[in-house]
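**Q** Once you've had a glance at the structure underneath, I'll fire off some questions.
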Amino acid sequence: MSLQIFTRRVAGCLSRSVLFARARAIWAENQRAYDLPLTRWQKLNVGLYLILDDYSGGRFPPKFSEQAETFERERRQFEARTNVELDRSADWNRRTPFWLTTDTIGYVWNYLVLLKEMIRCGLKEGDRVLELGCGAGWMSEFLSASHCQCVATSLSPFEVETAAYRVDVTKLRRSAGSLKFAVSAMEEIDRQLSSEPPFKFAFVHAALHHAHSWSDCLRAVYRILEPGGWFLICNEPGVLHTFISYRVARLDGTHEIGMNRDEIVRRLREIGFDEVRIFRNRSRWLLGPIWLAARKARE
């Protein structure tokens, strides 16, 4: 018997044992109620159960299907959500990052870290800025208030629709900045925005790890940047995220993988970014999030 077969059998026995009886029950309930409130211990326990169960069946670590199949699965997952869940999600998006919780502090702090590095890279009023995987779109709205010309993109039409009011707010502000949203997969950003002039800056915040192919995304960003332009990769989770968020990935049918900083840096340089620097968490690549700034080569 090979070691892999042996470990899978052990994992299967553990996942079916009384040790994970409560985790199995919670998981069954969580599949019926997406927003089921769980403690940290319950999340950890259910996540460990799922990893053991899927490993025993050869489904962990996750293997991703073709892009079109992945997008279709995510669309079905979205359509399966109830109106109550969608209304709650829309409200969360519209309020981002202004909730009465301590999460606001973390979100705003991350924006300040991003802004500081963009200024260090030469950000000025009037610069064209592209955001990938924008979610609620609030970071691009903040940058437009600073007189930047911003385009924010998301794969989700729902997110783009619920963020659209931010465009109206930008117009009412009567600033010299601008803001617009577009639906696009990160890997196809250069094709979807082919009518747009090149951007001086592009950034992605805690979204690159959701991409079907983060490597294809890096190439697409390189093509849409102007020579000497900067791409900032911000707050992307390290390799342990694959384990920590496996339960959520199973619920959503989305990519929740951890990322290897050294691998990203190597790929950026292969594509043609001539300067890559780590501007936060220099020594915590395994546990801490990844923050990188990469400059496209000047022609």
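The values are calculated or read from the model by the stated rules, or taken from the named source; none is laboratory data. A quick note: this is a predicted structure, and the numbers were derived from the prediction, not measured. With ideal geometry, Cβ positions are generated from the backbone for all residues, glycine too; neighbour counts draw on all protein chains shown.
**Q** Quickly run through segment 213-267 and pick out the residues that are more than 17 Å from residue 297 (Cα to Cα) and among the aromatic types (Phe, Trp, Tyr).
**A** Correct list: 214, 243, 246.
**Q** May I ask you to list the residues in segment 211-231 that are crowded, with 20+ Cβ neighbours inside 10 Å and either in a loop (DSSP other than H, G, I, E, B) or out of contact with any Asp or Glu (no Cβ under 6 Å at 6 or more places or on another chain) (or both)?
**A** The answer is 211, 212, 214, 218, 221, 225, 229, 230, 231.
**Q** Show the residue pairs meeting these rules: Cβ distance below 6 Å; 6+ apart or different chains; first residue within segment 127-149 and without any contact (Cβ under 8 Å) to a residue 12 or more places away in the chain; second residue of a type outside the set (Asp, Glu).
**A** Cβ pairs passing all conditions: none.
**Q** Restricting to segment 251-285, give me the number of residues that are crowded, with 18+ Cβ neighbours inside 10 Å and more than 25 Å from residue 134 (Cβ to Cβ).
**A** 1
**Q** Inside segment 1-38, can you point out the residues that are β-branched (Val, Ile, Thr) and within 19 Å of residue 247 (Cα to Cα)?
**A** Residue satisfying the conditions is 26 alone.
**Q** Let me ask another. Does any residue in segment 240-254 that is of a type in the set (Val, Ile, Thr) and outside any helix (DSSP H, G or I) come within less than 9 Å, Cβ to Cβ, of a residue that is at pLDDT 80 or above and surrounded by fewer than 18 Cβ atoms within 10 Å (Cβ to Cβ) six or more places away or on a different chain, and which pairs are these?
**A** Correct list of pairs: 254/248.
**Q** On to the next question. Select from segment 146-164 the residues that are hydrophobic (A, V, I, L, M, F, W, C) and under 13 Å from residue 89 (Cα atoms) and write down the one among them that is surrounded by the most Cβ atoms within 10 Å (Cβ to Cβ).
**A** It comes out as 163.
**Q** Would you point out which residue out of 278, 264 is outside any strand (DSSP E or B), under 20 Å from the mean Cα position of the chain (by Cα) and of a type in the set (A, V, I, L, M, F, W, C)? Show your work before the answer.
**A** Values: 278 fails: outside any strand (DSSP E or B).
Result: 264 is the single residue among 278, 264 that is outside any strand (DSSP E or B), under 20 Å from the mean Cα position of the chain (by Cα) and of a type in the set (A, V, I, L, M, F, W, C).
**Q** Then there is this: So, residue 71, is that one in a helix (DSSP H, G or I) and at pLDDT 95 or above or not?
**A** no
**Q** Among the residues that make up segment 40-61, is at least one of them in a loop (DSSP other than H, G, I, E, B), under 16 Å from residue 249 (Cα atoms) and among the basic types (Lys, Arg)?
**A** yes
**Q** In addition: Just to be sure I understand the filter: pairs with C-beta atoms under 7 Å, separated by 6 or more residues or on different chains, first member in segment 175-190 and over 13 Å from residue 131 (Cα atoms), second member surrounded by fewer than 22 Cβ atoms within 10 Å (Cβ to Cβ) and among the hydrophobic types (A, V, I, L, M, F, W, C). Which pairs pass?
**A** Cβ pairs passing all conditions: 175/145; 177/145.
**Q** Here's something else I'd like to know. Only one of (1) modelled with pLDDT of 90 or more; (2) surrounded by fewer than 23 Cβ atoms within 10 Å (Cβ to Cβ); (3) over 22 Å from the mean Cα position of the chain (by Cα) fails for residue 175. Which number is that?
**A** Among (1) modelled with pLDDT of 90 or more; (2) surrounded by fewer than 23 Cβ atoms within 10 Å (Cβ to Cβ); (3) over 22 Å from the mean Cα position of the chain (by Cα), residue 175 violates only (1).
**Q** Something else: Hey, could you check segment 178-195 for residues that are more than 24 Å from residue 107 (Cα to Cα) and of a type in the set (A, V, I, L, M, F, W, C) and say which is surrounded by the fewest Cβ atoms within 10 Å (Cβ to Cβ)?
**A** Filtering segment 178-195 for residues that are more than 24 Å from residue 107 (Cα to Cα) and of a type in the set (A, V, I, L, M, F, W, C), the one surrounded by the fewest Cβ atoms within 10 Å (Cβ to Cβ) comes out as 193.
**Q** Further, regarding this structure: Only one of (1) surrounded by fewer than 19 Cβ atoms within 10 Å (Cβ to Cβ); (2) touching a His at 6+ places or on another chain (Cβ under 9 Å) is not met by residue 198, so which one is it?
**A** Against the list (1) surrounded by fewer than 19 Cβ atoms within 10 Å (Cβ to Cβ); (2) touching a His at 6+ places or on another chain (Cβ under 9 Å), residue 198 comes up short only on (2).
**Q** Can you tell me how many residues within segment 189-208 are in a strand (DSSP E or B) and of a type outside the set (A, V, I, L, M, F, W, C)?
**A** If we filter segment 189-208 for residues that are in a strand (DSSP E or B), which is where we start, we get 199-205.
Of the ones still in play, those that are also of a type outside the set (A, V, I, L, M, F, W, C) are 200, 205.
The total comes to 2.
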